[in-house]
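Below is one structure; the comments refer to it alone.
The values are calculated or read from the model by the stated rules, or taken from the named source; none is laboratory data. What you see is a predicted model, and the numbers here were worked out from it, not measured in a lab. For neighbour counting, all protein chains shown are included, and Cβ atoms are generated from backbone atoms with ideal geometry for every residue, glycine included. Protein only, heavy atoms only, side chains kept; ligands, DNA and RNA dropped before computing areas. Shrake-Rupley method; radii C 1.70, N 1.55, O 1.52, S 1.80 Å.
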Amino acid sequence: MNHAKHIELAGVRKKFRFFTLENLDLDLEAGQIMGLVGPNGAGKSTTIRLITGLLAADAGTVRVLGHGMPEAQALAKRDIGFVSDEMKLFSHATVGWHMDFVASIYAGWDPQYAATLVKRFNLKPEQPVKGLSHGEHVKALLMLALARRPRLLILDEPTSGLDPVARHELLTEFTDVLRDDSRSILFSSHNTLDVERISDRITFIDRGRLVESRDKEDFLERWRRIQLQMPAGSALPELPDIIGRAVDGQFVTLTTNRFSADMLTHLGTAVREVHRMSLEEIFVANVMHHREARGE
Amino acid sequence: MHSGINISQTDARPMYLQIMEQIRQRIAAGDWAAGKELPSIRALAADLRVSVITVKRAYLDLESMGVIVTRQGKGSFVAEGGPAGEIHLAQLDEHLSAAAELARHIGLSPDELAERLRRVRDKQ
C-alpha cells in the first residue's frame, strides 16, 4: 500500500444542477507537488472535495493513498492534511488550544516541529483566533496541518490574499516538506507564478473538464511562440501541431504545443524569433484552444 | 545550508538553465573542485524553493554534458578530470553550435561563417 499512488482519479463524474465535472483523470505520485490550475468555477474545489471524501463521485473511481474514497475516508484522513481558505478556526479559542486539540486526535503530531513552525510563522499560542489577521489565520491552519506530518497535503488556494512575504514563507515550507520523498502536496491556485515555481506536475481544468495534466518541464518545453516574417504574397508552409496563428502584414505569430527543432528547419529563413512561454501564457492559450476545439 | 544559487523569475531563461549555469560557473571558477559532492536534488530544490523536477532536469543535463557524475544511491559529484578549461570549452562549443545552426538557417557557408567570426574577433 505504501507504493500506491497518492492520488488516483479515473473517469470521475460529478453532476450538480448547474455544473458537471466530467471524465476527470488525475495521478499524483509520492514525492511530488501538483499544482491544480483553472479559472473561477472550473471545478477545482469540487475536485478537491472528491479527493478529500467530502463528496462522492457519480461515476468513476477516486483512490487516495491506496484507499477508495469516500468509503475509506476515515482511514485515508489520518494521513491527509487539508487546508482551505474557507476553513475557520474557533474564534473564541486560542492558537494553543487548537494545537492541543489536534495533538489529541492525531498520533503523528510532532510537538517539536509544531514549535518550530509557530516560531517561523511568528504565531503566539496564547493569542485568541479572533485577533488574527487573514495571513496569520492561514499560517495557523497550515501549522496545524503540517505538524501532523501527513503523507499527503491538500491545499485549496493556500496563498490567495496573502502578502508577498507570507507567500514566500509558505512556499518555503511546502518545498521543505518535499525533502521527504514519501510525501506529496496537491495545491490549487490562481497564482501561476507560484505554481510554475514549485510544482512537479501541473493539471489545468476548465468548465468541469480536464484540459491537460503533465510534468511541468514538459509544458515549458513543448509550448513556443514562433515569429515569422513572410515576404508579401508567399504562402505559409503547412505545419502540423500549430494551434494558433495571428497574421499582421508580413509578420505571422505561430503558437505550438509540440515544439521541435525540426519545425524551425522546416520554416527556414522566415523565422525571426522563438519565444518560450510562461506558465500563465501556456494556461490561457491551452484553455482557449480547448474551448475552441469543443466548439464553445 | 545555502548553496548561494539564485533563481530569478524575471530572467528569460528557464529555471533549470539558471541552475545549470550557476553550477558551471562555480566549477569553472574552481570553487567547486572535482570530486566535490553536490547537494542532493531534494535538498537543493527545498533550498531554492523550486520543484524537484526542475533540479532533476538541471542535474540530468549537467550529467549528459559530463560536468557532473551521478552514482546510484551515493549522490552527484563534480566530474573528475574535467579541469575548468574544459568546461569553458564546452560552453564555447554550445555558443558555436548555436551560431552554426543560425548560419545554416540563413544559408551561410562554413567558410563565410568562419570569416565572420574572424571579423567579429578582430573588432574586439
Checklist line | Qualifying residues in region A:259-296 (those that are part of a loop (DSSP other than H, G, I, E, B) and surrounded by 13 or more Cβ atoms within 10 Å (Cβ to Cβ)) - the one nearest to the other protein chains (Cβ to nearest Cβ) | finding: A:Ser278
Check: Which of the residues spanning region A:192-223 are in a strand (DSSP E or B), surrounded by fewer than 20 Cβ atoms within 10 Å (Cβ to Cβ) and within 12 Å of chain B (Cβ to nearest Cβ)?
Finding: A:Arg214, A:Asp215
Next item on the list: Please state which of the following conditions A:Val252 fails to meet, knowing it meets all the rest: (1) crowded, with 18+ Cβ neighbours inside 10 Å; (2) closer than 26 Å to B:Met15 by Cα; (3) away from chain B (no Cβ under 14 Å).
Entry: (2)
Next item on the list: Working carefully through the options B:Gly4, B:Gly30, find the one that is loosely packed, with under 14 Cβ neighbours inside 10 Å, more than 14 Å from chain A (Cβ to nearest Cβ) and closer than 30 Å to A:Ser278 by Cβ.
Entry: B:Gly4
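Do we find that A:Ala232 is more than 14 Å from chain B (Cβ to nearest Cβ), part of a strand (DSSP E or B) and either among the aliphatic types (A, V, I, L, M) or on the phi > 0 side of the Ramachandran plot (or both) in this structure?
For A:Ala232, the condition - more than 14 Å from chain B (Cβ to nearest Cβ), part of a strand (DSSP E or B) and either among the aliphatic types (A, V, I, L, M) or on the phi > 0 side of the Ramachandran plot (or both) - is not met.
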Next item on the list: Among residues belonging to region B:46-81 that are more than 14 Å from chain A (Cβ to nearest Cβ) and closer than 30 Å to A:Leu193 by Cβ, point out the one that is surrounded by the fewest Cβ atoms within 10 Å (Cβ to Cβ).
Entry: B:Ser64
Note to self: Pairs please, first residue from region A:135-155 and assigned to a loop (DSSP other than H, G, I, E, B), second anywhere and among the aromatic types (Phe, Trp, Tyr), Cβ atoms under 8 Å, 6+ apart in sequence or on different chains.
What the structure shows: A:Ala147/A:Trp109; A:Ala147/A:Tyr113; A:Arg148/A:Tyr106; A:Arg148/A:Trp109; A:Arg149/A:Tyr113
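Kindly indicate whether B:Ala12 is among the aliphatic types (A, V, I, L, M) and within 14 Å of chain A (Cβ to nearest Cβ). Spell out the reasoning first.
Details: among the aliphatic types (A, V, I, L, M): yes; within 14 Å of chain A (Cβ to nearest Cβ): yes.
The answer is yes for B:Ala12.
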Notebook entry, point to check: List the pairs whose first member sits in region A:168-183 and is facing chain B (nearest Cβ under 7 Å) and hydrophobic (A, V, I, L, M, F, W, C), whose second member is part of a loop (DSSP other than H, G, I, E, B) and open to solvent by 20 Å² or more (accessible area, probe 1.4 Å), and whose Cβ atoms are under 8 Å apart, counting only residues at least 6 apart or on separate chains?
Noted result: A:Leu171/B:Arg49; A:Leu178/A:Gln32
Check: With respect to the numbered conditions (1) open to solvent by less than 50 Å² (accessible area, probe 1.4 Å); (2) within 14 Å of chain B (Cβ to nearest Cβ); (3) in contact with a helix residue (DSSP H, G or I) (Cβ under 6 Å, 6 or more places away or on another chain); (4) under 20 Å from B:Asp47 (Cα atoms), which one is the sole condition not fulfilled by A:Ser189?
Finding: (4)
